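Trainee: Handing you this structure, nothing more for now.
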């Protein structure tokens, strides 16, 4: 028995001696549930590989900003990172299907859409030297504003935060002026008058203390965006096969946790906005009608851009 224990201990020491350390770029602060899930994923990987792979999470975009993450992973600047899927929409419309307004507004709809889209995203990334590890949803996107909104006319000419190609198009159709602002810069952008309104989740609203600079939150449920964790394919394949397997299995567990956390946290985060004095309400009927019409327009535009693959995704999602 003692020999067996010594042998097992020797394997562990050998594994630790040859440990691989990966720095990981995470976009949000440590208080955000997506980042907390990333930390748990990293701990899961370290434990399940007996320390053979140690993923060191660097949160709040300190390593790479959102526009830099995918290329940074692809080029090996970092071996692994997290990025908003729709931020890649300029290179391929398949990356922005989750951000088509009102196509999938509930978590059940969004999860169904993710399951039919995920294989196509993985295939595209694989051709670019990237491995898709797992995806996690944000809460549904709502509208934050300094002033009350009853119809789109109230937003005419407003400087409105956009964070992807699809949100820029949405803001333009709303009659507002799309203004690109990354998440960590949101509070300063409001305080300096760079933006007057934004479309984002209650998670970002809480992270950025939205009550300090806006009064109104409309729980519009425009869409449910995804972030995903991606790894450099070459770095991934240099790992021993059993470590690769452990990473993918930890990713499966993280994806399941992410969906559960998003469902559990959305109501709590929305209540936090109200607790700090924000006026939280559904969209007024006329605004909801106008926004739905924009959504119908953008579904058609997206399908045209995405071609046969887009049609296949929509058919599988709807049927």
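The values are calculated or read from the model by the stated rules, or taken from the named source; none is laboratory data. It should be emphasised that the depicted structure is a prediction, and the values quoted were computed from it without experimental measurement. Heads up, the Cβs are rebuilt from the backbone with ideal geometry, glycines too, and the neighbour counts pull from every protein chain shown.
Trainee: Give me a count of the residues in segment 117-128 that are assigned to a helix (DSSP H, G or I), free of Cβ contacts under 8 Å to residues at least 60 places away in the same chain and farther than 18 Å from residue 317 by Cβ.
Mentor: 1
Trainee: Check 218, 213, 144, 134 and return the single one that is surrounded by 21 or more Cβ atoms within 10 Å (Cβ to Cβ), more than 20 Å from the chain's Cα centre (by Cα) and modelled with pLDDT of 95 or more.
Mentor: Only one candidate qualifies: 218.
Table: residues versus (1) crowded, with 19+ Cβ neighbours inside 10 Å; (2) modelled with pLDDT under 95; (3) outside the structural domain of residue 112 (by TED's automatic domain parsing).
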position	(1), (2), (3)
281	no, no, yes
284	no, no, yes
287	yes, no, yes
298	yes, no, yes
302	yes, no, yes
309	no, yes, yes
314	yes, no, yes
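Trainee: State whether one or more residues within segment 43-54 are modelled with pLDDT of 95 or more, closer than 23 Å to residue 184 by Cβ and buried (at least 23 other Cβ atoms within 10 Å of the Cβ).
Mentor: Taking segment 43-54 and keeping what is modelled with pLDDT of 95 or more, we get 43-54.
When the remaining residues are screened for being closer than 23 Å to residue 184 by Cβ, the result is none.
Checked against the condition, which is being modelled with pLDDT of 95 or more, closer than 23 Å to residue 184 by Cβ and buried (at least 23 other Cβ atoms within 10 Å of the Cβ), segment 43-54 yields no hits at all.
Trainee: Check 168, 105 and return the single one that is under 24 Å from residue 293 (Cα atoms) and assigned to a loop (DSSP other than H, G, I, E, B).
Mentor: 105
Trainee: Further question on the same structure: Residue 234 versus (1) in contact (Cβ under 8 Å) with a residue 60 or more places away in the chain; (2) closer than 23 Å to residue 99 by Cβ; (3) exposed (fewer than 15 other Cβ atoms within 10 Å of the Cβ): which is the lone unmet condition?
Mentor: (2)
Trainee: Considering each of 273, 199, 239 in turn, give the residue that is touching a strand residue (DSSP E or B) at 6+ places or on another chain (Cβ under 7 Å) and over 24 Å from residue 101 (Cα atoms).
Mentor: Being touching a strand residue (DSSP E or B) at 6+ places or on another chain (Cβ under 7 Å) and over 24 Å from residue 101 (Cα atoms) holds for just one of 273, 199, 239, which is 239.
Trainee: Here's a follow-up. Quick one: which residue in 178, 184 is more than 19 Å from residue 273 (Cα to Cα) and either assigned to a helix (DSSP H, G or I) or more than 17 Å from the chain's Cα centre (by Cα) (or both)?
Mentor: Being more than 19 Å from residue 273 (Cα to Cα) and either assigned to a helix (DSSP H, G or I) or more than 17 Å from the chain's Cα centre (by Cα) (or both) holds for just one of 178, 184, which is 178.
Trainee: Here are some residues: 77, 83. Which one is without any contact (Cβ under 8 Å) to a residue 40 or more places away in the chain and within 24 Å of residue 121 (Cβ to Cβ)?
Mentor: Working: 83 fails: without any contact (Cβ under 8 Å) to a residue 40 or more places away in the chain.
Just a single option satisfies the conditions, and that option is 77.
Trainee: If we keep just the residues of segment 262-280 that are closer than 17 Å to residue 223 by Cα and touching a residue at least 24 places away in the same chain (Cβ under 8 Å), which is farthest from the chain's Cα centre (by Cα)?
Mentor: Here the answer is 270.
Trainee: I would also like to ask the following. Which residues, taken from segment 150-165, are over 23 Å from residue 59 (Cα atoms), part of a strand (DSSP E or B) and touching a helix residue (DSSP H, G or I) at 6+ places or on another chain (Cβ under 6 Å)?
Mentor: Of everything in segment 150-165, just one residue is over 23 Å from residue 59 (Cα atoms), part of a strand (DSSP E or B) and touching a helix residue (DSSP H, G or I) at 6+ places or on another chain (Cβ under 6 Å), namely 160.
The rows are residues; the columns are (1) at pLDDT 95 or above; (2) part of a helix (DSSP H, G or I).
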position	(1), (2)
24	yes, no
41	yes, yes
63	yes, no
67	no, yes
73	yes, yes
87	no, yes
90	no, no
115	yes, yes
